[in-house]
Every structure is written in C-alpha cells, then in structure tokens.
C-alpha cells in the first residue's frame, strides 16, 4: 500500500509499518492527545488505544475500517489515562475492549470523575482565554488567545459523545489473538508508567505498540508509576527485539530512542538520590535542570513534578 492510499485526518498521520499494520501518530493541532495503532490479523481488526476525544476516535475507527475492509472487532486500552481511553464509547457495542484486570479496576474507580473534571475544565479555560483576548493590548497574544478559544470549542463540541465505557474483557499476563495473517499478543509486565501497563506485540513483524511506557522526544510522566519497575519492563521490551516501536507520544521510534527513556529514568533517579543525600527537599529536586540530552523535549513542564515524586521514591515513601 502506498502513502497516497492512507487515510487523511486532522488528528493523525497514518504510517504503514508492515502489510496490515499501521501507526496513527497524533498531530499537535488535533484532539487525539496520544498515538494509536491499527492491526489486521486477517480475522480481526484491532485498534490500540482510543485517544482523548470522540472526534479523533471516530477518525481512528473509520481509518481502521477503510484500511482493513471490516469493522473493528477488538480494542486494547494500554492503561487508564484519559488520553488513551476517552474515545472508547465511539466503538460499536460489538467491539470487544480489552485491558489488564488492574487497568479496568482503575478505570472503574477514576474515569467517571476524570471525565467530569475534564468537561468542567475546558469551558473554564475557554472563558479565561476569551477574557484574555478582550483585555490584551498585544496583537500576537490576542491571536494566541483566540486560537485557544477555538481549540477549546472543538473539544467542548465533542462532550455529547464523550461517555465512559469500561473494558469488556481483562487479562493478567498475556492474551493471544490468532489470525490468518498474523498472531498478536497483548502483554503486561506489571506497572511502570501507571499501576498497570499493557503493550501490543506483533512478534513476526517485530513491531510493538507501547503506550506511555515509551515516548519519543517527550519527558515521560514518572509521577504516577513505579520507575524502578519501569526500567525492568523496558529491559523486557528490548528482549522482544522490536524493529519498530510505536510510542504513546512523539514520532515513531526504535530501540535507540527506547534506551534514552531508560537513561532518563536512571539519571533522574540518581539526581533525586544525590539531592536527598545533600539534605535537599522535594522543592530543591524540582528546581534541578533536566538531563542535557533531554533538552528541547516536549512535555518539559512535568519535569519538576517528576523530580518531586522521585524525591519521595528514593526516601522509600512511594
């Protein structure tokens, strides 16, 4: 399949990784908020993660149906974060949504409140930006505010379609889907980024969809998870010998970029340890500079939060 045959979307760019496997890479101006993927097993059309918005999830569903010629039969939620599961309700009731047992528990406990908070936040932000555009005397700032108002409205417009849908089936270690074209695996090695993270592996194609266990040129969010266990999980992912890695955020990656995330976790843990030994606090840890190799990475505003969390980790409080 050539690039001209790929679906077009305001939320993603689609990339063919192998015959029957596509990555959906989120566009910064779109509403997806995270990457996704589509896999054709020959008997099943599988979607990995449903993104943040019903609008982007609808594009994803239509793209999957266009590319494979059949309805989406299975969805895997890699973990419980809003930008990976808020699109669940867009998929047909006949589509089976899978997750780990722990992810479903977390979603059952938190997703309803998370969605209510999300629906409250965006009208408030929009009102702030409307007021900012009204009072500013700086033309460039006014344009930024107005663009923000439009972006917020695009999100607000999706609220009627945004409903909680929990996974239908769960697994604890591994689930295998066999098809006439390929066999794929849903795997979990426990919790790293969150209490429970799952990946989708196409072993014969050496392709892995990682969720937020792996990101490219983005600061990984450490503060809800288990960084030392995360390092163990990354070693296991490398052991699967992938050629293509589809991250939760950022562009397509390889094991080279995966090792940068390993290095990031190792070095920030060491920084937190040295800060503690020097009598530092969580605030002094947050005031440190990120590792030099992470300069220019997106999501840099979470570095301080990561370091406050790691200050607790190295004290044995998390």
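The values are calculated or read from the model by the stated rules, or taken from the named source; none is laboratory data. These figures come from a predicted structure and were not determined experimentally. FYI the Cβ positions are ideal-geometry reconstructions off the backbone, even for glycines, and counts take in every protein chain you see.
All of 246, 201 fail the test of being in a strand (DSSP E or B), crowded, with 19+ Cβ neighbours inside 10 Å and over 15 Å from the mean Cα position of the chain (by Cα), apart from 201.
Yes/no per residue for (1) touching a strand residue (DSSP E or B) at 6+ places or on another chain (Cβ under 8 Å); (2) within 26 Å of residue 191 (Cα to Cα); (3) surrounded by 16 or more Cβ atoms within 10 Å (Cβ to Cβ):
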{"site": "277", "(1), (2), (3)": "no, no, no"}
{"site": "281", "(1), (2), (3)": "no, no, no"}
{"site": "288", "(1), (2), (3)": "no, no, yes"}
{"site": "294", "(1), (2), (3)": "no, yes, yes"}
{"site": "307", "(1), (2), (3)": "no, yes, yes"}
{"site": "311", "(1), (2), (3)": "no, yes, yes"}
{"site": "314", "(1), (2), (3)": "no, yes, yes"}
{"site": "317", "(1), (2), (3)": "no, yes, no"}
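Within the set 258, 213, 269, 310, the sole residue that is part of a helix (DSSP H, G or I) and within 18 Å of the chain's Cα centre (by Cα) turns out to be 258. Entry remark, region 216-232: residues being in contact with a strand residue (DSSP E or B) (Cβ under 9 Å, 6 or more places away or on another chain) and either over 27 Å from residue 27 (Cα atoms) or in a loop (DSSP other than H, G, I, E, B) (or both) number 3 in total. Among the residues here, residue 225 does not qualify as surrounded by 19 or more Cβ atoms within 10 Å (Cβ to Cβ), in contact (Cβ under 8 Å) with a residue 40 or more places away in the chain and in the same structural domain as residue 28 (by TED's automatic domain parsing). Going residue by residue through region 257-274, is there one that turns out to be crowded, with 22+ Cβ neighbours inside 10 Å, more than 24 Å from residue 28 (Cα to Cα) and at pLDDT 95 or above? Yes, there is a match, as at least one residue in region 257-274 is crowded, with 22+ Cβ neighbours inside 10 Å, more than 24 Å from residue 28 (Cα to Cα) and at pLDDT 95 or above.
Restricted to strands (runs of 3 or more DSSP E) entirely inside region 40-120, those with at least 2 residues that are surrounded by 16 or more Cβ atoms within 10 Å (Cβ to Cβ) and touching a helix residue (DSSP H, G or I) at 6+ places or on another chain (Cβ under 6 Å) are 45-48. Any chance you could count how many residues in region 278-300 are in contact with a helix residue (DSSP H, G or I) (Cβ under 9 Å, 6 or more places away or on another chain) and part of a helix (DSSP H, G or I)? Adding up the residues that qualify gives 8. Taking region 151-195 as the region of interest, the strands (runs of 3 or more DSSP E) fully inside it that hold 2 or more residues being within 28 Å of residue 30 (Cβ to Cβ) are 183-188.
Counting the residues of region 15-39 that are crowded, with 23+ Cβ neighbours inside 10 Å and farther than 14 Å from residue 249 by Cα gives 4. With respect to the numbered conditions (1) outside the structural domain of residue 35 (by TED's automatic domain parsing); (2) more than 16 Å from residue 58 (Cβ to Cβ); (3) touching a residue at least 12 places away in the same chain (Cβ under 8 Å), which one is the sole condition not fulfilled by residue 142? Status for residue 142: all satisfied but (3).
A single member of 234, 187 is assigned by TED's automatic domain parsing to the domain that holds residue 17, at pLDDT 95 or above and touching a helix residue (DSSP H, G or I) at 6+ places or on another chain (Cβ under 8 Å), and it is 234.
For region 1-25, a tally of residues being in contact with a strand residue (DSSP E or B) (Cβ under 6 Å, 6 or more places away or on another chain) and either outside any strand (DSSP E or B) or farther than 15 Å from residue 65 by Cβ (or both) returns 11.
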